[in-house]
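Here the structure comes first, spelled out in structure tokens, and everything after it is commentary.
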Amino acid sequence: MTPTLVVYGASLVLVMWAVYDLARRPRDAMPPRTKAIWAISTILGWLVFGIVGAFIAVVYLVGPRRRMNANRWN
């Protein structure tokens, strides 16, 4: 197994995790248009550039997802 294949596999897992998390969020947590923009940019970023999609997924998972989880417990 080449290191490149491992990196692309890990980035695919990250993208899938972010898209799944976006899909399960209720409508009042994030507007549908915003969810669609995050999901499409993550998937297209991975399909076209590979690691760029993983970077977008990490930005979502560290930023908006954390804020939504913090707001859920308050």
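The values are calculated or read from the model by the stated rules, or taken from the named source; none is laboratory data. Source: prediction; values computed, not measured. Accessible surface is based on the protein model in full, side chains and every heavy atom, while ligands, DNA and RNA are left aside. Shrake-Rupley method; radii C 1.70, N 1.55, O 1.52, S 1.80 Å.
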Please report the carbon-and-sulfur percent of the accessible area for the chain; probe 1.4 Å, protein heavy atoms only, DNA, RNA and ligands left out. 71 percent
Take each uninterrupted DSSP H stretch in the chain, measure its Cα extent along the helix axis, and return the ones at 15 Å or beyond whose mean Kyte-Doolittle hydropathy is at least 0.5. 3-24, 32-49, 51-62
For the chain, with every protein chain kept in place, what is the accessible area per residue (1.4 Å probe, Å²)? 71 Å²
Which values, in whole Å and largest first, are the semi-axes of the equivalent ellipsoid of the chain obtained as the square root of 5 times each eigenvalue of the Cα gyration tensor? 25, 13, 9
